[in-house]
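Worksheet: one structure, shown below.
Every read-out reported here was derived from the displayed coordinates using simple, explicitly stated rules and does not represent laboratory data. Computed from a predicted structure; not experimentally measured. Cβ: placed from backbone, ideal geometry, glycine included. Neighbour counts: every protein chain shown.
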Amino acid sequence: MQFIKEIKKNWELILLALPAIILLILFKYLPMAGIIIAFEDYQYSKGLFLSPWSGLKNFEFLFATNIAWNIIKLTLGYNIVFILLGVILPVALAIAFNELKGTKTSKVFQTISIMPHFLSWVIMSYVGLSLFNNNGFLNTILNLFGADSIDWYSKANYWPWILILTHVWKTIGFNSIIYLASICGIPVEFYEAAKLDGASRWQQIRYIMLPHLKLMMIITTIMALGRIFNSDFGLFYQMPMNQGQLYPVTQTIDVYVFNALRSMRNINMSAAASVFQSVVGFITILIANGIIRKIDSESALF
Amino acid sequence: MSKGNSIRNKNKINRIKFHDILLFVVLLGLTITFIIPVALIYVISLSSNESIRNLGYTLFPSEWSLDGYRYLMGTSEQLINSAFISVFITVAGTILSVIVMGMVAYVIYRKDFKYRVQLSFFIFFTMLFSGGMVPSYIINTRLLHLNDTILILFLPFLCRAWHVIILRTYYTQNIPDSLIEAAKIDGARELELYFKIVFPISLPGIATIALYSVVLLWNEWFTGLLYINNSKLLPLQVLLNSIQSDLDVLSQNPEFATSPDGIEMAMNLPADSARMALAVVIMTPVLFAYPFFQRYFIKGLTIGSVKG
């Protein structure tokens, strides 16, 4: 009764919030309930609630195969590299932009540096094609110097480098923005005081800028670690244009779930992998947030 | 004394100049690596098939040609259809998401809202935990029957927790409580308050979220790939993707490739220049527009990093 009264009192604000609430229920919370599919032997005819219960069988099947360990290894491996590069390189770029004399040039360079952020992964796959294909730009240049073409595009051993390079290319500009904004916020007095003490520019960067950015770098790293079981599906599915022979180096958890889902033969394994990712990802984010809260409670997500 | 100083100063100036030049050259080189791959796509789209056959992909084709674009014009029906879909979901999705998220962000900004904490958590929790790809797929197709509809292409994106938080932070920083109180004293009702007073003031924040929405929706390809079979509902990104997957089907299935169906498919597939031309059509609007709105994107990032 009391609850109904409260709703009546606040009905206008609740009305404002209602569309969002409904959308979140439909597209976020219902799928959370849909997690039970990983614990069932799902059959289309019977649907979500009538398919027979199979407990942890799907997970057993999944982890009995080599596939599970491969996809987890790949996902974690790439993410560790991405996290390391993703915190060092954008900071370096931000510092470089800041050092550049002439704000107009700096602005132009910065604008161009974020351009890759605005390309969709489908477009990116064509960028990859035009660079690395057999008749691609890199081979054209090699041929120009008399060297043979290299089959970058369909040989698995080149792709870890291609994927890492692509990821850095696409994210370095946009990710440096926040560090550059932070650097610009450092009061000039710090530099002046350091100069009076005889500090060189390198020393100024090392002892003023970096400590100022340290907190942000740590937070970013820990949040990224929280998402260590998730991969950028576009990067790993679209860039290789889904070439099957590359799966040993491109099939992360997300790509595996998608492929298994589409082939429909493996919906139980696919569901198990998907739910595994969600649940483990949830735990890692909680841990990550807990750590951040100990370091600097204001930066924690909650 | 002064002579010594001035010589030292001259050396200092020279040293600084060298550093600056080096930095400039390095950043220039980096900038060029951002430009070249994109320029390459434009150039390939304007290369003749001859040139591509003989020289491969290059920034300096032997022969320029508009054949790629002519091919696109030939498939104009599908192209216009897909363009319409992309534009529709981008515009409708952006307008709707800005309204939906603007409203709910306002509700959780209001400190006097009784269920503020619960609602915030409700929204925020979706950032921590998600059902995942498979449960979402089953719900969207079996329960909500959104398979192969235009709704699935933008509805799931209308409420995004991260952007709601950015908006709430924006409201907190830019809309003083006193304004709300004063309006209430003047007798304004809640709905009136939001749409007539708060919304107009918060337009810069709304604009930022709108721009994020536009980029997100225009570049979205996953939902179309997963849920859409009807070619009339393919957005541009998915169209581009489907051309590639048709090529894959042909190259990976030699029996199919030599069958009558396969041969017909092969004949209808666009040449490299045409595919690149389609890529050009898709990426140019965003590429030309984003520099003008750069400060909004940056603002969104800096607001987002401040916990409101």
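Apply the Karplus parameterisation 6.51 cos²θ - 1.76 cosθ + 1.60, with θ equal to phi minus 60°, to every residue of the range B:198-213 and state each ³J(HN,Hα) to the nearest whole Hz, in sequence, with x for glycine and proline.
Values, residue by residue: 6, 4, x, 5, 8, 3, x, x, 4, 4, 4, 5, 4, 5, 4, 4 Hz.
Amide H to amide H, which residues 5 or more places from B:S47 or on other chains are under 5 Å from it, using H placed in the peptide plane?
Excluding prolines and chain starts, which carry no amide H, the hits are B:S65.
For the range B:76-229, compute Rh as the Kirkwood radius over C-alpha pairs and then the Stokes-Einstein diffusion coefficient at 37 °C and 0.692 mPa s; write the answer in µm²/s, rounded to an integer.
Rounded to a whole number, D works out at 190 µm²/s.
Viscosity 1.002 mPa s, temperature 20 °C: what is the translational diffusion coefficient of the protein assembly as shown from Stokes-Einstein with a Kirkwood Rh over Cα pairs, rounded to a whole number of µm²/s?
79 µm²/s
Could you work out the Rg to Rh ratio of the range A:196-302, with Rh taken as the Kirkwood radius (inverse of the mean 1/r over all Cα pairs)?
1.21
Which loop trypsin sites (Lys or Arg not before Pro) in the range B:16-124, with loop taken from DSSP, have no more than 10 other Cβ atoms within 10 angstrom of their Cβ?
Here the trypsin sites (Lys or Arg not before Pro) that fit, given the DSSP loop and packing criteria, are B:K111.
Cross-link list A:K170/B:K196; A:K104/A:K195; A:K28/B:K114; A:K214/B:K299; A:K8/A:K294; A:K28/A:K170: which exceed 32 angstrom alpha carbon to alpha carbon?
Over 32 Å apart, Cα to Cα: A:K170/B:K196; A:K8/A:K294.
Roughly how many Å is it from the Cα centre of the range B:85-153 to that of the range A:211-274, as a whole number?
After rounding, the separation between the Cα centres reads 23 Å.
List the residues, sorted by chain then number, that are 5 or more residues from A:E40 or on another chain and whose placed amide H is less than 5 Å from its amide H.
Close amide H contacts, sequence-distant or interchain: A:S54.
With a cut-off of at most 15 other beta carbons within 10 Å, and DSSP calling the residue loop, which chymotrypsin sites (Phe, Trp or Tyr not before Pro) in the range B:90-191 qualify? Please list them.
none
Under a Cβ-only charge scheme (Lys and Arg +1, Asp and Glu -1), can you give me the dipole magnitude of chain A about the Cα centre, in debye to the nearest 20?
300 debye
Can you tell me the order of A:285-298, B:54-67 when each peptide is scored by its average per-residue count of other Cβ atoms within 10 angstrom, highest first?
B:54-67, A:285-298
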